[in-house]
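Below: one structure, written as C-alpha cells.
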Amino acid sequence: MTTAAKAPSGLARRLVAILNGPTALLVVGLGLSAAAGSGFIATVNYSDIPSQDKAPLSGLYLLLSLVGTGMFAGFEQEMTRAVSRALALGQPEGVVIRHQVRNAAFVAVGTALVLCAASPFVVPKWMDGHWFVFAELLLGLVGTWAAFLVRGVLSGRRQFRSYAITMVVEGLARLLPAILLVLVGFASTWAFGLVYALGFIVAALSGLLVARAPIPGDAPPEEAHEQEMETANQAAVRLARLTGGIMAGQLLMYAVPLYINAKLAGDSRLVIGVTAAVGLTRLALLILFPLQAPLLPKLTAAAALREMHKVRRTTAALVAVCVGAGLFGVLVTGTLGPWIVRVVMGATQPPPRSFLIELAVGTLFLLVANVLQSALIALNRQQTVLVAWVLGVVVMAPMFLLPGSVLSVAAIAAIVGPLATALLMGWDVLRVTRSRPNDPPVPATPTEVTALR
C-alpha cells in the first residue's frame, strides 16, 4: 500500500520537473513565436483597418521575416559556437562575445544601408507608400539583431530556461498588444506595425533582465588551455560564410512556392492550395528548434576538446530522430494532407496527394540538413555550410526547366535540392570527425590547432 501510494507522487514530481524544465518552455516558446507571425496577420485581418492600409503590414511581416532571418539568423548560431568553445577551453567568453557583436554590427549596418538605398523601390512596392512602416522595419531589424545575439549568449552558456523565456516573451509581446488593439477598435496601421516591430526588442531585453542560472559545466582539462583563442578576423570570416549559407538555404526553401506562384498566377485557388500545402509540410521543421538549441553548444564543446566520437554519436542520434519525424510527416501528409489543406487551412482546391507526399519527402531532407549544419558549425566548417546550400540551389535550378506539369516539376526540385545539400553535409561531417582522434583530448600540435579553425 505504501509503495502504491508513493508511485503517483513520484510520477507527479517527474511530471512537474519536466514541465518546469527548459524543454517544455522551449516548446511553449516556439509555439508562441510561430503563432505570433500568423496571429499578427490574423489580428490585422480582423481589425477595422481599411483594406488598402493592411497591405503595408503584410509587407512588413514578410520583409522582417526574410531579411531578419536570412541575414541575422547566423548571429545566434555563431555566438553560441563561440561562447560554447570558449567555456569548454577555459577561455574568457567576454572576448569572443565582443568579436561576435562587432561582426554582427557590421552586417546589420550594411543590411540597413542597402535597404535604405532600395527604399524608393521597397516602400511603394511592399508598403504602399507608408514610410513610417519602413521605419518600423528598420526598428524591427534592430530588435532582431539584438535578440539573436542575446539568445546566442544564453544558448552558448546552456542557460536554456532563460533562452526559452525570451521566446515566450517575444510571442506574447506581439500577440497580446495586437489583440488589445482589435478589441478597443484602434484601427491604425502604424500602431500594429510598431507592435510587431517591438516584439524582438522586448525579447532581447527580457534575456538581459531575466534571472539566469549559473553557467553549467566542468573545469576544462589541462590540455585545453593550450589551444589558441579565436581571433576577431577568424570570427568574421566564419560569420560571413555562415550568413551566406543561411541565405542560400532560405532561397532553397522558398524557391518552390515562388516558382509555383509565378507559373500559376492565373489560378488563384490552386496557388492558395499550394501555399497551404507548403506550410503544412514544413511544419515538421518546427521540431528542430527544441533540438537545435541545446545541440549546438554540446557539439561545440565536444569538438573543441577533440572528442569526435561524441560529435558523431550525437549527430547520428539527432539525424535518426529527424528521419523518423520526417517519415511520420510523410505518412500523415499522405493520409490526412488533402483533408487538412481543405478543411483546416481553408484551401478550396488542394493539390494532389502525390504532390503533398513529395513535398514532405523534401522536408525530411531539410530536417537532416539543418541538424548536420549544427554539427558543421561546431566543427568550424562554415565553408561547407555555404557550399552545401549553394550546391542545393544549383542542383535545384535546372529541375525547373524539365518538361512536365508545374506541380510535378516543382516536386522534383523540392526533393533534389535538399537531398544534394544533406549528402554533402553528411559526407563532410563523417570525413572531418573520422580524421580526428576518438580518444580523450591530447595536447594539440600547431597543425591540429590550425585544422580546428
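Summary of computed values
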| item | result |
| --- | --- |
| Test: Leu295 is under 30 Å from Arg102 (Cα atoms), assigned by TED's automatic domain parsing to the domain that holds Ala413 and at pLDDT below 75 | no |
| Residue match in the range 138-157 (condition: outside any helix (DSSP H, G or I) and either closer than 20 Å to Ser65 by Cα or at pLDDT 85 or above (or both)) | yes |
| Condition check for Gln91: in the same structural domain as Leu154 (by TED's automatic domain parsing) and surrounded by 22 or more Cβ atoms within 10 Å (Cβ to Cβ) | no |
| Any hit, the range 307-315, residues being at pLDDT 85 or above, under 21 Å from Met425 (Cα atoms) and among the polar types (S, T, N, Q) | yes |
| Every residue from the range 79-131 that is small (Gly, Ala, Ser) and within 22 Å of Ala232 (Cβ to Cβ) | Ala82, Ser84, Ala86, Ala88, Gly90, Gly94, Ala104, Ala105, Ala108, Gly110, Ala112 |
| Qualifying residue in the range 209-218 (condition: over 25 Å from the mean Cα position of the chain (by Cα), crowded, with 18+ Cβ neighbours inside 10 Å, at pLDDT below 75 and not assigned by TED's automatic domain parsing to the domain that holds Gly143) | no |
| The range 353-388: number of residues that are outside any helix (DSSP H, G or I) and of a type in the set (S, T, N, Q) | 1 |
| Filter pass, Ala232 being closer than 23 Å to His99 by Cβ, modelled with pLDDT of 85 or more and of a type in the set (A, V, I, L, M, F, W, C) | no |
| Looking only at the range 230-244, and only at residues there that are of a type in the set (D, E, K, R) and under 20 Å from the mean Cα position of the chain (by Cα), the one that is surrounded by the most Cβ atoms within 10 Å (Cβ to Cβ) | Arg238 |
| Of all residues in the range 94-120 being over 23 Å from Lys298 (Cα atoms) and not hydrophobic (A, V, I, L, M, F, W, C), the one that is surrounded by the most Cβ atoms within 10 Å (Cβ to Cβ) | Asn103 |
| Residue satisfying condition, being outside any helix (DSSP H, G or I), under 30 Å from Val153 (Cα atoms) and either charged (D, E, K, R) or touching a residue at least 12 places away in the same chain (Cβ under 8 Å) (or both), within set Arg282, Arg312, Arg306 | Arg306 |
| Which listed residue, of Pro350, Pro403, Pro398, is assigned to a loop (DSSP other than H, G, I, E, B), over 18 Å from the mean Cα position of the chain (by Cα) and surrounded by fewer than 20 Cβ atoms within 10 Å (Cβ to Cβ) | Pro403 |
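To keep it simple, each residue is scored yes or no on (1) buried (at least 17 other Cβ atoms within 10 Å of the Cβ); (2) assigned by TED's automatic domain parsing to the domain that holds Ala178; (3) modelled with pLDDT under 65; (4) part of a helix (DSSP H, G or I).
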position: Pro8; (1), (2), (3), (4): no, no, yes, yes
position: Ala12; (1), (2), (3), (4): no, no, yes, yes
position: Gly31; (1), (2), (3), (4): no, yes, no, yes
position: Phe40; (1), (2), (3), (4): yes, yes, no, yes
position: Val44; (1), (2), (3), (4): yes, yes, no, yes
position: Gln52; (1), (2), (3), (4): no, yes, no, yes
position: Pro56; (1), (2), (3), (4): yes, yes, no, yes
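The values are calculated or read from the model by the stated rules, or taken from the named source; none is laboratory data. Since this is a predicted model, take the numbers as computed values, not measurements. Note: ideal-geometry Cβ built from the backbone for every residue, glycine included; neighbour counts use all protein chains shown.
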